[in-house]
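Below is one structure, written out as structure tokens, with a few remarks after it.
The values are calculated or read from the model by the stated rules, or taken from the named source; none is laboratory data. This one's a predicted model, so the numbers in the text were calculated from it and none came from an experiment. Please note: Cβ atoms are built from the backbone with ideal geometry, for glycine as well, and neighbour counts cover all protein chains shown.
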Amino acid sequence: MNQSSQSPAYKKVSAREKYAFGIGAIGKDAICNMVGSFLMLYFTDTLFLAPAFVGILFFAARIWDAFNDPMMGMIVDNTRSRFGKFRIWLIIGTLVNAVVFVLLFHTFNLQGTSLYIYVTVMYILYGMTYTIMDVPYWSWLPNLTNDPHERESVSVIPRFFASLAGFSVATFGLFAINWFNQRAGLDNLYAEHGFTMFAIMIAVIFIVTIGITVCNVKEESTLDARAEKTSIRQALKLIVQNDQLRAFIGLLLTFNLATQIAKGFAVYYFKAVCGNEYLYSVFGLAILAEMLGLALFPAIAKRLSR
């Protein structure tokens, strides 16, 4: 028996594909971090929505995400097309989410009950359309290569770019919003115009960076009709019967809710306690430690036993 028959045939991924895939995380995580860091501030200090309403809305959306995310994963897994099953949903989700994201930060001067209804619909739609894009993006990652060692190094790249996006939004977000307002002759830092323009800028970056990913990363066709599909009933049955999966869903729900609360309230702390909301930029500098850890991870992983 020759050596080639004894060793597994690993699927390799080029350096161009690695970084093209990672660049896609810049726009998507810039959107995620703007919502996580500044949406609550926008709701309460720009639109003057009741804080209790905002808290209930965020909590209800996180519960819905706990069911919405697995369902989208099932839809992606059941997709059969000549374009693959990740790229097609990534394109659809990106385009739709970019539009909803901008609309989330633009209210068309609505007031009263109409504003509350509009905000509720837009925020729920934002979460659902973000899932349409986010689930296939991260599901595509382990399919880039079947080499476990290479997969470890590849996975660091999009997470590094995601941290870079989070760092940029948290550090420079308020300055950018204020700059847009000043350019429009508005003295109020929290004027809606600044949020809307910053959202448009991020949405453009989002579309461009995901475009780089889908145009440069290869994906195999999934037209094989013989592949087994999973129904909604089977997926729900699996969730109900699998206690570890239920625990994992609960962990994700708790983690996402806690993370959003921490990000959303941080800017209030610097505004109310420190008396200067621009100090929130210092909070963003902490992400540099995360980026350093991600940069060092491949070298550390090589020295550790699996």
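Tabulated data for the structure shown
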quantity	calculated
Residue among Lys263, Lys229 that is modelled with pLDDT of 75 or more and of a type in the set (Lys, Arg)	Lys263
Pairs, first touching a residue at least 24 places away in the same chain (Cβ under 8 Å) and more than 17 Å from Met34 (Cα to Cα) in region 118-135, second part of a helix (DSSP H, G or I) and of a type in the set (Phe, Trp, Tyr), C-beta under 7 Å, six or more apart	Ile132/Trp89
Region 262-294 - residue that is out of contact with any Asp or Glu (no Cβ under 7 Å at 6 or more places or on another chain), part of a helix (DSSP H, G or I) and without any contact (Cβ under 8 Å) to a residue 40 or more places away in the chain and, of those, nearest to Asn33 (Cα to Cα)	Ala262
Unique match (being closer than 22 Å to Thr259 by Cβ and either out of contact with any strand residue (DSSP E or B) (no Cβ under 7 Å at 6 or more places or on another chain) or modelled with pLDDT of 95 or more (or both)) among Phe180, Phe172	Phe172
Lone unmet requirement of (1) part of a helix (DSSP H, G or I); (2) touching a Lys or Arg at 6+ places or on another chain (Cβ under 9 Å) for Ile63	(2)
Candidate set from region 136-152 (those that are in contact (Cβ under 8 Å) with a residue 24 or more places away in the chain and closer than 24 Å to Asn33 by Cα); member that is surrounded by the most Cβ atoms within 10 Å (Cβ to Cβ)	Pro136
Cβ-Cβ under 6 Å pairs, at least 6 apart or on other chains, region 38-54 side part of a loop (DSSP other than H, G, I, E, B), far side crowded, with 17+ Cβ neighbours inside 10 Å and acidic (Asp, Glu)	none
Filtered residues of region 195-211 (kept if in contact with a Phe, Trp or Tyr (Cβ under 9 Å, 6 or more places away or on another chain) and crowded, with 17+ Cβ neighbours inside 10 Å)	Phe195, Thr196, Met197, Phe198, Ala199, Ile202, Ala203, Phe206, Thr209, Ile210
Search result, residues across region 270-292 that are small (Gly, Ala, Ser) and modelled with pLDDT of 80 or more	Ala272, Gly275, Ser281
Qualifying residue in region 241-249 (condition: closer than 26 Å to Ser163 by Cβ, loosely packed, with under 11 Cβ neighbours inside 10 Å and modelled with pLDDT of 75 or more)	no
Answer residue from region 70-90, given it is crowded, with 18+ Cβ neighbours inside 10 Å and not aliphatic (A, V, I, L, M) and is farthest from Leu251 (Cα to Cα) among those	Gly84
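For every residue, the table says whether it meets (1) surrounded by fewer than 17 Cβ atoms within 10 Å (Cβ to Cβ); (2) touching a Cys at 6+ places or on another chain (Cβ under 7 Å); (3) hydroxyl-bearing (Ser, Thr, Tyr).
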position	(1), (2), (3)
Leu251	yes, no, no
Gly264	no, no, no
Tyr268	yes, no, yes
Leu279	yes, no, no
